[in-house]
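As C-alpha cells, the structure follows; a few thoughts come after it.
Bear in mind that the values in this text are calculations on the coordinates, not laboratory data. The structure displayed is predicted, hence computed values, not measured ones. As a convention, Cβ positions derive from the backbone with ideal geometry for all residues, glycine included, and neighbour counts pool all protein chains shown.
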Amino acid sequence: MVYDSAVHRRRSIRYKDYDYAQDGTYFITICAQDMKCVFGKIQKGRWS
C-alpha cells in the first residue's frame, strides 16, 4: 500500500528533540482481545 497523507492522518506521539537511542526506562501497553492470558502468567510473584 502506498502512503497517502490524505488517507493516513497519523501523527507521531514522539518528542521531537528527544534521543530515543539513549539509555532509559520505557513503558509500553499491550492490549489482548477479550482480556485473554496470551503472554504468560504470574505465579508466586514471577512471570512464567
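Expressed in nm to one decimal, what extension gain is obtained for the pair residue 28 and residue 15 from 0.36 nm per residue of sequence separation less their Cα-Cα distance?
3.1 nm
Can you give the charge dipole size of the chain about its Cα centre, rounded to the nearest 20 debye, using +1 on the beta carbon of Lys and Arg and -1 on the beta carbon of Asp and Glu?
280
In the chain, if the dipole is taken from +1 on Lys/Arg beta carbons and -1 on Asp/Glu beta carbons about the Cα centre, which of 33, 7, 22 is farthest to the positive end?
Farthest along the dipole direction, towards plus: 33.
How long are the semi-axes of the equivalent ellipsoid of the chain, taking √(5λ) for every eigenvalue λ of the Cα gyration tensor, in whole Å from largest down?
Ellipsoid semi-axes (Å, largest first): 33, 21, 8.
Rounded to whole Hz and in sequence order, give me ³J(HN,Hα) for the range 4-17 from the Karplus expression 6.51 cos²θ - 1.76 cosθ + 1.60, θ = phi - 60°, writing x for Gly and Pro.
Result, rounded to whole Hz: 10, 5, 6, 9, 8, 10, 6, 10, 6, 9, 7, 6, 5, 9.
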